[in-house]
1. What tally of residues in the range 203-221 results from selecting those that are over 18 Å from the mean Cα position of the chain (by Cα) and without any contact (Cβ under 8 Å) to a residue 40 or more places away in the chain?
2. So, in the range 61-75, how many residues would count as being in a strand (DSSP E or B), of a type in the set (A, V, I, L, M, F, W, C) and closer than 21 Å to G145 by Cα?
3. Is it the case that the range 157-179 has a residue that's under 23 Å from the mean Cα position of the chain (by Cα), over 26 Å from V243 (Cα atoms), of a type in the set (S, T, Y) and surrounded by fewer than 17 Cβ atoms within 10 Å (Cβ to Cβ)?
4. Applying the selection to the range 317-349, what residues are among the hydroxyl-bearing types (S, T, Y) and over 21 Å from I277 (Cα atoms)?
5. If you go through the range 253-264 one residue at a time, do you hit one that is surrounded by fewer than 17 Cβ atoms within 10 Å (Cβ to Cβ) and under 20 Å from the mean Cα position of the chain (by Cα)?
6. Kindly indicate the residue of the range 326-358 that is surrounded by fewer than 16 Cβ atoms within 10 Å (Cβ to Cβ) and touching a Pro at 6+ places or on another chain (Cβ under 7 Å) and also nearest to D266 (Cα to Cα) among those meeting that condition.
7. Please verify whether D41 is of a type in the set (D, E) and under 27 Å from G318 (Cα atoms), treating the condition exactly as stated.
8. Kindly provide the set of residues from the range 185-221 that are modelled with pLDDT of 95 or more, over 30 Å from G150 (Cα atoms) and surrounded by 19 or more Cβ atoms within 10 Å (Cβ to Cβ), ordered by number.
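The values are calculated or read from the model by the stated rules, or taken from the named source; none is laboratory data. Quantities reported herein were computed from a predicted structural model and do not represent experimental measurements. When we count neighbours, we look across all protein chains shown, and the Cβ atoms used for this are built from the backbone with ideal geometry, even at glycine.
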Amino acid sequence: MNKTPFLLLLLLFPFCLFSQNDSIQKKLKFSADFRFRVEEDWNSRKPDGSFRDDRTRLRYRARLGATYDYKDWVSFGMRIRTGQPEKQQDPQLTLGDQFSSLPIAFEKIYASFNYNWLSAWIGKNTFPFEKQNELFWSDNVFPEGVSLSGKFNFENEFVQSLKVNTGHFIFATSNSSLKKDSYFEGIQLVSSHWQNRVKFFPAFYYFKNMPNIPDGGDTFNIDYSIVHLGTKVDVFMKPKITVGFDYYQNVKDYNDNDSIPKNLQDQKTGYVANAGIGKLDKKGDWKVQLTYMYLKRFAAVDYLAQNDWARWDYSSQGSPDGRLTNYKGLEIMAGYGLAENMDLKVRFFTVEQLVPYGIAKEIGDRIRFDFNIGF
């Protein structure tokens, strides 16, 4: 049974209420965006030393969301997207893959609460911890659980604000006690300094009973205890020049885990450095950014991170999810603002594996041209 029409009707039904109740118009807000992408992959070497065929894809993504402010302290939100529901990292569709009705799924559905300095949400929503890229956690992966934050503002030159983020999120339920679930917990401190131009955001993330391979192909479970040290600095405002750095250290000891190969047991650190100039807020704006990353195998959960940088996945183990750790690489991004909420971006990626899974290290090059529009 095709569920797409019912999902669309569910989201669009509030439009029918506008003429009946003016107050709904004030409380109900809609958002939408569309992306069209041209993507080229080449020089992609496999673990056996052979090369994948060069690939060109035309891709697109559409999203539609709504929020309803029930009270000034509680609201409800949801968003649907195109894309295969089982591909959590990738909401894009490829022209020619689905020449019929489109797969659509909910990516967000939640209730949020705000009262003075305290905020919280329950359900499925955006990753609630401060980050400046997707190399640890993809923007397309929306955790399910409970999030709690507290923010405190200060009127002094050294510290402008201090925020604490925490939460408990379930990756896969065990249908028994909560401690047997696959889950992760996090706690983060975010401090803003120097007229909010310097930000520090150290965090600790604990992942418990995580499958080594997603979507049912796992052969064992693994825990992660990851310390993250992040900072972002606005060096200049006109033109806007920003630099950032992230450091990850998994402090979990895998030396006695016989399921993990010996040459991977100590692969637990990573770092990301970026520098950018410009911004993309309105027509005529431009931005250029360089990002260098070095991420060992267990510095992050590979199928929860982005899948933008390379065409490496778990398809041979029955999962479409990406396996994007254990590599180093460079991204060059350039963007131009066509109008408010409309831009063009080009992104070039080049990557090299750190520890080979076969006789050769995997490598790859990719370029993307994106047209983005939203409201």
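1. 6
2. 2
3. yes
4. Once the filter is applied, which keeps residues that are among the hydroxyl-bearing types (S, T, Y) and over 21 Å from I277 (Cα atoms), the range 317-349 yields S319, T325, Y327.
5. Keep residues of the range 253-264 that are surrounded by fewer than 17 Cβ atoms within 10 Å (Cβ to Cβ), which gives 253, 255-259, 261-263.
Right, trim to under 20 Å from the mean Cα position of the chain (by Cα) and you get none.
Taking every residue of the range 253-264 in turn, none turns out to be surrounded by fewer than 17 Cβ atoms within 10 Å (Cβ to Cβ) and under 20 Å from the mean Cα position of the chain (by Cα).
6. P356
7. Values: of a type in the set (D, E): yes; under 27 Å from G318 (Cα atoms): yes.
Judged against the criteria, D41 is a match.
8. P211
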